Protein chains: 2
Amino acid sequence: MNRTELSQLGEFGLIEKIKNEAFQNNKTTLKGIGDDAAVIDKNDKEAFLVTTDMLIEGVHFDLTYAPLKHLGYKAVAVNVSDIAAMNGIPQQITVSVALSNRFSLEAVDELYKGIRLACENFKVDLVGGDTVSSRSGLIISITAIGTAHKQEISYRNGAKKDDIICVTGDLGAAYIGLQILEREKQAYLADPNMQPELGGKEYIVERQLKPEARMDVIHELRELKVIPTAMIDVSDGLASEIMHICKQSAVGAELLEENLPIDNLTYETAREFNLDPLTCLLNGGEDYELLFTIRPEDMSKIKNHPDITRIGRVMDKNYGVNIITKAGNTFPVKAQGWVAF
Amino acid sequence: MNRTELSQLGEFGLIEKIKNEAFQNNKTTLKGIGDDAAVIDKNDKEAFLVTTDMLIEGVHFDLTYAPLKHLGYKAVAVNVSDIAAMNGIPQQITVSVALSNRFSLEAVDELYKGIRLACENFKVDLVGGDTVSSRSGLIISITAIGTAHKQEISYRNGAKKDDIICVTGDLGAAYIGLQILEREKQAYLADPNMQPELGGKEYIVERQLKPEARMDVIHELRELKVIPTAMIDVSDGLASEIMHICKQSAVGAELLEENLPIDNLTYETAREFNLDPLTCLLNGGEDYELLFTIRPEDMSKIKNHPDITRIGRVMDKNYGVNIITKAGNTFPVKAQGWVAF
């Protein structure tokens, strides 16, 4: 029997394969695999949104520096972020955890304190889950359920030529935060008496350990009566996400480097690590900001929003996906994605 | 800081603790933690049901004898079974899998073939999920979503005194199937040239490896216009499940040993293993049959059903939960549950 390595396909290849072979037959399924959340018929006006994420110790988090309370918070936030990315309102979550006997009740309490805090902040109810034993590390699998008006759902495939490309907050910080934490971990392993040195970098580190889902922006867009024509959350990095929107919308995109939002501290810290800030910004991932497109006529409604930045425009498909650097050069954006296997 | 071992609470203690501290605030949450599935408002007449289960290699399955295709099927079936246990119809599932590089694409294909077969059989759509890398074994986390008429949902807490207690199919086979598989595994480890000897035991082994969710019975009850007053699926064993119904319904129960359905082959094989068939039947678990109570006046509608057995009646709470043995002795039923940690 042939053996094909999963690494030959990569994560997106595997998802594509699963999607193509998925059984989909119920008329209540309005959208299956392929967006930030599945869309299920609720009633005439509304739909349910369903999304799920799994976090594995040693792959997605490292308990030598991730406090369990932050981890619980993050596990909820990344799912809420997927509901936000559909322009929906999260309502419920289920939480499954696999625990080894390495974890005490007090440790589990910390994890659930973070989960509860996120539930309160994002106004979602914890309605179910599973608790099982693990032979090795901690595993957290969360499913979030939300609602949206059918007419207001932002899919990845709705971007049109001339739409404005926007992003919330700033990018790249979560990735740099991870570099700081890894450096401090190595220093600690070399000398366990060493105290971690985060002096002044708390913002960046928190972006890695305890990201927020941008429900604030979703509520504000609703008040401003702006419905993004396409939207996705930045989990794998800006480059990867803009490629998803362009591919599914059959359009191109032009990004302006000078407009891309990066926090000063993130920029300086990237330099300290001899990393190119632009690369961190494009491929860093885990920022959980929202990348979206709006119609040009909606631009006036959001142009004074302090936390939304216009970063480019939607182009014809033939244009491809390019970035104009500060020096005026044009080069193609490549989705590095995330190498899972 | 104090350290409390999870084993001091056990699985049910931990679930109780999580339930008591869970954030629940949205009016769309009709039922949270504490039943086979959560219940979420859909429209005037209908509700959504949501349930989730996580399966971990080395804890819930052993790939030395569980074929990946069967495993995929089972992972879906156990979630569908929870929707069935609410008297609901499953519609969608999300499937998250964590894979190590030990798995080839061909192996993943086998897993998804089983998932797809179950989707076809149970008429559920695969609408999403997550694929991540694992440092060690295979992990499968599935969430199933279903619908039910609000007036027809069978909760665990609706059993009333004098209701009839029924169970579908036969019990104990999945547990005996596991014993056979473990025996053959040990024989194989001792002599890898040995061929597994299942001669004639295929039914029992299949009950362990590829259980069915009893959607057939749910559809039949609907046609017969029978709404169970309480229902639960038999995942942890009959004893544990009847205790859940009695505790949540604040009633007692009397079970009749002579009525408990056990397959002849299961009975004989239990004897071969020097196991007490009654213990296997009460505490074996993983049968995924349905345990339910009905009003006495509904008994005539189902009494000729070949796959539903009347096994006892609901009593006053003060009676407790007792079983009447074939010899006429009465002894209390104790939920062994499942020691997870």
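Of note:
- For residue B:165, net neighbour charge (Lys/Arg +1, Asp/Glu -1) across residues whose Cβ lies under 9 Å away: 0
- Length available on full extension from residue B:202 to residue B:100: 0.36 nm per residue minus the Cα-Cα distance, which gives 33.7 nm.
- Converting phi to 3J(HN,Hα) with the Karplus coefficients 6.51, -1.76 and 1.60 and the offset θ = phi - 60°, segment B:53-63 yields 9, 10, 10, 10, 4, x, 10, 9, 8, 10, 6 Hz in sequence order, with x at every glycine or proline.
- Label 7 Å beyond Cα on the Cβ vector: residue B:24 copy-to-copy distances, nm: 3.4
- About the centre of its Cα atoms, segment A:164-332 shows a dipole size close to 600 debye [charges on the beta carbon of Lys, Arg (+1) and Asp, Glu (-1) only; nearest 20 debye].
- When A:316, B:163, A:298 are sorted by how many other C-beta atoms sit within 10 angstrom of their C-beta, beginning with the fewest, the order is A:316, A:298, B:163.
- Here chain B is assigned +1 on the Cβ of each Lys and Arg and -1 on the Cβ of each Asp and Glu. Its dipole about the Cα centre then comes out at about 860 debye.
- Across the copies of the chain, residue A:304 has label points (7 Å from Cα along Cα→Cβ) spaced 7.8 nm apart, shortest distance listed first.
- Computed from point charges on the beta carbon alone (+1 for Lys and Arg, -1 for Asp and Glu), the dipole magnitude for segment A:1-130 about its Cα centre is near 120 Debye.
- Where Cα atoms sit under 25 Å apart: lysine pairs in segment A:25-152 separated by 8 or more or lying on different chains: 17
- Distances between equivalent label points of residue A:160 across the copies, with each point positioned 7 Å along Cα→Cβ, amount to 5.9 nm, shortest listed first.
- Residues whose amide H comes within less than 5 Å of that of residue B:129, counting only those at least five positions distant or on another chain, are A:52, B:95 (H built at 1.01 Å from N in the peptide plane).
- Residue B:224/residue B:2 FRET efficiency (R0 60 Å; Cβ-Cβ; nearest 0.05): 0.65
- Candidate cross-link partners of residue A:185 among the aspartates and glutamates, defined by an alpha-carbon separation under 13 Å and a same-chain spacing of 8 or more, comprise A:62, A:197.
- Neighbour counts of other Cβ atoms within 10 Å put B:235, B:104 in the fewest-to-most order B:104, B:235.
- If you run the Gaussian network model on chain B, springs between alpha carbon atoms under 10 Å, then out of B:167, B:132, B:80 the most flexible one is B:132.
- Remark: spin-label model distance residue B:189-residue A:325 equals 5.9 nm, labels positioned 7 Å along the Cα→Cβ axis.
- GNM on chain B, alpha-carbon springs under 10 angstrom: the most fluctuating residue among B:187, B:38, B:230 is B:187.
- Over the protein assembly as shown, the Kirkwood radius and the radius of gyration, each from Cα atoms, give a ratio Rg/Rh of 1.00.
- Listed residue (B:103, B:242, B:280) projecting farthest to the positive dipole end of chain B, Cβ model: B:242
- Residue among B:56, B:302, B:323 with the largest mean-square fluctuation in a Gaussian network model of chain B, springs linking Cα atoms under 10 Å: B:56
- Ranking of B:258, B:286 by neighbouring Cβ atoms within 10 Å, starting from the fewest: B:258, B:286.
- Two-decimal log10 I(q)/I(0) for chain B, as the Debye equation yields it once each C-alpha is a single scatterer, q = 0.06, 0.16 Å⁻¹: -0.22, -1.56
FYI, it's all coordinate maths here, none of it is from the lab. Note that the structure is a prediction, hence the values are computed from the model and not measured. A quick note on method: Cβ atoms are made from the backbone with ideal geometry, for glycine too, and the neighbour counts reach across all protein chains shown.
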